[in-house]
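Student: Below: one structure in structure tokens.
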Amino acid sequence: MKPDLKIRHGGRILADALAAQGVKLAFGVPGESYLPVLDGLHDLRDRLSFIVCRQEGGASYMAEAYGKLTGEPGVLFVTRGPGATNGAIGVHTGFQDSTPMVVFIGQVGNEFAEREAFQEIDYRRMYGQMAKWVAQVDRVERIPEYVSHAFHTATAGRPGPVVLALPEDTLFAEAAVADVPRHHVVRPSASAPDIAALEKLLKSAQRPFVILGGGGWTGEACRKLQAWIEKAGLPAGTSFRCQDLFDNRSPSYAGDVGIGINPKLAQRVKDADVLLVIGARLGEMTTSAYTLVEAPVPQQTLIHLHAGAEELGRVYRPALAINSGYPQFVDALSALTFANANWKAETEKARKEYFEWTEPRPMPGALQYGQLIRWLSDHLPEDTVIAGGAGNFAGWLHRHFRYKGFRTQLGPTNGSMGYGYPAAVAAKLAQPQRNVIAVCGDGDFLMNGQEIATAVQYGAAFVALVVNNGLYGTIRMHQEREYPGRVFGTDLKNPDFAAYARAFGGHGETVARTEEFAPAFERAQASGKPALIELQIDPDAITPATTLSAIREKAIRSRQ
Ligand SMILES: Cc1ncc(C[n+]2csc(CCOP(=O)(O)OP(=O)(O)O)c2C)c(N)n1
Ligand SMILES: [Mg+2]
């Protein structure tokens, strides 16, 4: 033992290791399996806040949203078996969203391991496919090493979740070990030949298109890249639920290449001669089920740039594959200049098509939800964080809201319901100076509505919109399309959402008409409480462009 090292129990060593990594906020639900960690966090309570949630699903989404918003790994603590299984949803979301996370799970002591002891699960097998690395810390002296390894892995290349299991005996044991300094964020840089090859391919392009996406960006890299794209006169789009990587007000912004894509934009991506894809994996949602870009060899000349080497050539064989972090790439790119009148003309056309597409259209019923989204887009402060979940209600958000800067959007690219509310709680706690709005569906909200209790407990005052159509609308839409008229399992009988919010100590409003919204929103913001506004929309208004009845009739006609 070195004389200057204090003896600490495993829980305190872990808490100190987190502080050394720069962690200021962690989320979780307590369990008897990790009592020494709670004891260690108690010592650090002035430096590191532990947000206690009501369900591990909510807690894991909060940790994911924290990681997505700040770029720092989101830290989650859950207990054995049941806690680990509840918490899996945020880990899957973090994996598909390339979000840095470090998840700690209590584990059975080694003396009982592999007996299927109380709540025992082998986390290496359970989380194997949805984490970058899963490990178990079996020796108390090695806690700082494992934590350092976890933070390096979570943030390197393509970021993602790491899971560490903590056997009880490791946590209760004591040791005299040193802390490890904060991790490095390890990312490659584009080489000079890479940049020269890119210049050559782009120079000869007549109809190029740029797509930005993925995790691992910084605000500065986004702004610099946008300035470069604007100067070159290139048109740019963003991948599914990454709309905040590019200021949507930019003359170069052509829209989001995601679910419910503008057909003209889809055609533009298909017709591009050179596709410069930066950070997007080109997944199923971004490629309209691999139709915009053919797999494995695209029609377009694909320049694919990604921070994770393993993503290059995974689905698509690009003409040029560049493995680089995005800030590093943007710095290298800024030396290149282009001037092509054709690019500028196409960009102007793409911009016009974006404006036409994003104009709200009339929908059935007295509440014009599309207009409300546009009103929010026009009235909210520029740096407002919009946290959305999964369901058709999000379609209006994607189409009519103009994201104005980096990390103004928090959304699950894995289409995971229940995300918006807890993500908004995390955003408000992480960056209390910013305005935060959650946009939820009625089905979506009740998957984690209990986290209003967390918002109230920690004073996270933001406004949540609950778009109530009394349906699991997305599924009803698909049902009417595939099996018209045979409605089954998609109706919802809902509570009084405003009363629900009030029961937790929040503020509640119910809005059924367009003109009631602005005053209700003002009251909700002025309440200084976690506030909820139920928006009662006509269930027939199933997407920003069509109705349920039109979908049903079309499906019936096509079967006659
Ligand atoms: C956790 C989870 N469970 C189930 C689904 C399947 N699913 C996708 S959208 C949807 C319905 C969403 O309903 P709601 O939140 O009310 O939104 P709406 O489509 O009605 O606007 C369901 C059940 C999912 N994506 N995620
Ligand atoms: Mg619904």
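Student: In region 482-494, what residues are within 15 Å of ligand 2 (Cβ to nearest atom) and surrounded by fewer than 14 Cβ atoms within 10 Å (Cβ to Cβ)?
Tutor: G489, D491, K493
Student: Out of region 328-348, which residues are under 25 Å from the mean Cα position of the chain (by Cα) and either surrounded by 21 or more Cβ atoms within 10 Å (Cβ to Cβ) or of a type in the set (F, W, Y) (or both)?
Tutor: F329, V330
Student: Please go through (1) under 21 Å from N414 (Cα atoms); (2) buried (at least 18 other Cβ atoms within 10 Å of the Cβ) for E284 and return the number of the only condition it doesn't satisfy.
Tutor: Failed condition: (2).
Student: Condition check: farther than 24 Å from G325 by Cβ, surrounded by fewer than 24 Cβ atoms within 10 Å (Cβ to Cβ) and not hydrophobic (A, V, I, L, M, F, W, C). Does Q226 satisfy that?
Tutor: The answer is no for Q226.
Student: Would you call G31 without any contact (Cβ under 8 Å) to a residue 60 or more places away in the chain, on the phi < 0 side of the Ramachandran plot, more than 25 Å from the chain's Cα centre (by Cα) and crowded, with 21+ Cβ neighbours inside 10 Å?
Tutor: On the way: without any contact (Cβ under 8 Å) to a residue 60 or more places away in the chain: no; on the phi < 0 side of the Ramachandran plot: yes; more than 25 Å from the chain's Cα centre (by Cα): yes; crowded, with 21+ Cβ neighbours inside 10 Å: yes.
No: the conditions fail for G31.
Student: Another question, then. In region 353-455, which helices (runs of 4 or more DSSP H) lie fully inside it and hold 3 or more residues that are within 11 Å of ligand 1 (Cβ to nearest atom) and closer than 21 Å to I261 by Cα? Write out each step before concluding.
Tutor: On the way: elements: 369-379, 393-400, 420-430, 442-446.
So the answer is 393-400.
Student: Report whether or not D97 is among the acidic types (D, E) and more than 29 Å from R158 (Cβ to Cβ).
Tutor: no
Student: If we keep just the residues of region 461-481 that are away from ligand 2 (no atom under 12 Å from the Cβ) and within 19 Å of G506 (Cα to Cα), which is surrounded by the fewest Cβ atoms within 10 Å (Cβ to Cβ)?
Tutor: It comes out as A461.
Student: Where residues in region 34-71 are closer than 29 Å to F118 by Cβ and small (G, A, S), which of them is surrounded by the most Cβ atoms within 10 Å (Cβ to Cβ)?
Tutor: My answer is A63.
Student: Follow-up question, since we're still on this one. Is at least one residue of region 345-363 farther than 30 Å from D538 by Cα, of a type in the set (A, V, I, L, M) and touching a residue at least 24 places away in the same chain (Cβ under 8 Å)?
Tutor: There is at least one residue in region 345-363 that is farther than 30 Å from D538 by Cα, of a type in the set (A, V, I, L, M) and touching a residue at least 24 places away in the same chain (Cβ under 8 Å).
Student: If you scan region 252-275, which residues turn out to be small (G, A, S) and not in a helix (DSSP H, G or I)?
Tutor: S252, A254, G255, G258, G260, A272 - these are the residues of region 252-275 that are small (G, A, S) and not in a helix (DSSP H, G or I).
Student: Of all residues in region 315-345, how many are aliphatic (A, V, I, L, M) and assigned to a loop (DSSP other than H, G, I, E, B)?
Tutor: Counting residues in region 315-345 that are aliphatic (A, V, I, L, M) and assigned to a loop (DSSP other than H, G, I, E, B) gives 5.
Student: Only one of Y458, Y419 is more than 14 Å from ligand 2 (Cβ to nearest atom), touching a Gly at 6+ places or on another chain (Cβ under 8 Å), within 30 Å of T70 (Cβ to Cβ) and aromatic (F, W, Y); which?
Tutor: Y419
Only the coordinates and a few stated rules stand behind these numbers; no lab work does. If you're wondering where the values come from, they're calculated on a predicted model, not measured in any experiment. Quick reminder, even Gly has a Cβ in these numbers, built from the backbone with ideal geometry, and neighbours come from all protein chains shown.
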